[in-house]
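Read the structure below first, then the notes.
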């Protein structure tokens with residue numbers, strides 16, 4: 001059963017676990033379980049996804065309970081009127097804070113329903129993409145995972161300003177601090193190290209905060225969620241329990 005973080009007459013927010021698709025994808029054709037289907041069955045009514053989270057990302061996922069509310073919320077996401085905050089564990093020690101302003105090429109959205117995808121084509125222009133980040137904690141481990149005698153990792157808060165596909169994963173790769181567990185944009189040696197030492201079988205990226213205007217009342221609604229236990233367990237093992245809590249408490253500032 002999916003964990004419900006918020007529900008009213010117009011919208012519902014769940015905590016999506018890592019490994020669960022939002023809805024059917026042509027890439028993961030073998031998958032039989034989707035958040036849309038599970039939530040529909042759990043509530044006994046239709047639900048309408050407002051935004052997306054990658055399959056490997058956990059955290060807050062928002063649905064409208066009617067087409068009008070979903071469309072209104074979707075427009076807020078498209079306009080950049082939604083404050084979003086993520087936590088990630090990355091390779092290396094990033095700067096204390098900064099803005100990643102790096103355009104991204106258009107990508108096929110395998111999570112959108114049929115008829116709403118647009119594949120890359122020669123000549124497709126890039127899209128502006130911006131992400132603010134803040135380093136919350138760092139660690140240096142006495143393991144030669146790569147070409148150095150020790151290995152560095154960091155807990156970071158990510159606040160996307162735009163909403164491009166795989167934006168956070170691609171931006172952290174661009175910054176040379178890829179997210180641990182990212183099979184597409186990360187580094188296999190570090191992913192395998194975390195799998196062997198911490199039992200990590202997922203992308204270490206979690207949506208922990210959303211702030212937006214309610215589609216019916218126009219009041220500001222703030223949703224927060226802790227990362228799932230597997231994420232928190234790894235952060236704790238790395239000595240970041242207090243930093244993780246501080247990052248969650250600061251979600252309202254995103």
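The values are calculated or read from the model by the stated rules, or taken from the named source; none is laboratory data. Only a predicted model underlies this, so the values are computations on that prediction, with no experimental measurement involved. Please note: Cβ atoms are built from the backbone with ideal geometry, for glycine as well, and neighbour counts cover all protein chains shown.
Kindly indicate whether any position in the stretch 165-180 is over 15 Å from the mean Cα position of the chain (by Cα) and surrounded by fewer than 13 Cβ atoms within 10 Å (Cβ to Cβ).
Yes: the stretch 165-180 contains one or more residues that are over 15 Å from the mean Cα position of the chain (by Cα) and surrounded by fewer than 13 Cβ atoms within 10 Å (Cβ to Cβ).
Would you mind stating whether residue 91 is within 16 Å of residue 211 (Cβ to Cβ), in contact (Cβ under 8 Å) with a residue 60 or more places away in the chain and in contact with a helix residue (DSSP H, G or I) (Cβ under 9 Å, 6 or more places away or on another chain)?
no
What is the residue count in the stretch 60-83 for residues that are touching a helix residue (DSSP H, G or I) at 6+ places or on another chain (Cβ under 9 Å) and buried (at least 18 other Cβ atoms within 10 Å of the Cβ)?
Number satisfying all stated conditions: 7.
I'd like to verify a number: residues in the stretch 153-164 that are at pLDDT 95 or above and surrounded by 17 or more Cβ atoms within 10 Å (Cβ to Cβ), how many?
Total satisfying the criteria: 8.
Working only within the stretch 42-59, note down all residues that are crowded, with 17+ Cβ neighbours inside 10 Å and under 30 Å from residue 200 (Cβ atoms).
Residues satisfying the conditions are 49, 50, 51, 52, 53, 54, 55, 56, 57, 58, 59.
Among (1) touching a strand residue (DSSP E or B) at 6+ places or on another chain (Cβ under 6 Å); (2) farther than 17 Å from residue 135 by Cα; (3) surrounded by 17 or more Cβ atoms within 10 Å (Cβ to Cβ), which single condition is residue 222 missing?
Among (1) touching a strand residue (DSSP E or B) at 6+ places or on another chain (Cβ under 6 Å); (2) farther than 17 Å from residue 135 by Cα; (3) surrounded by 17 or more Cβ atoms within 10 Å (Cβ to Cβ), residue 222 violates only (3).
Within the stretch 3-23, work out how many residues are modelled with pLDDT under 95 and either closer than 23 Å to residue 83 by Cβ or surrounded by fewer than 17 Cβ atoms within 10 Å (Cβ to Cβ) (or both).
Total satisfying the criteria: 3.
Being part of a loop (DSSP other than H, G, I, E, B) and either modelled with pLDDT of 95 or more or closer than 23 Å to residue 218 by Cβ (or both) narrows it down to one of 45, 107, so name that one.
It is 45.
Can you tell me which of (1) within 23 Å of residue 80 (Cα to Cα); (2) touching a residue at least 60 places away in the same chain (Cβ under 8 Å) is the one residue 220 doesn't meet?
That leaves (2) as the condition not met.
Residue check, residue 124 against (1) at pLDDT 95 or above; (2) surrounded by 12 or more Cβ atoms within 10 Å (Cβ to Cβ); (3) farther than 24 Å from residue 245 by Cα, all met but one. Which one?
Every condition holds for residue 124 apart from (1).
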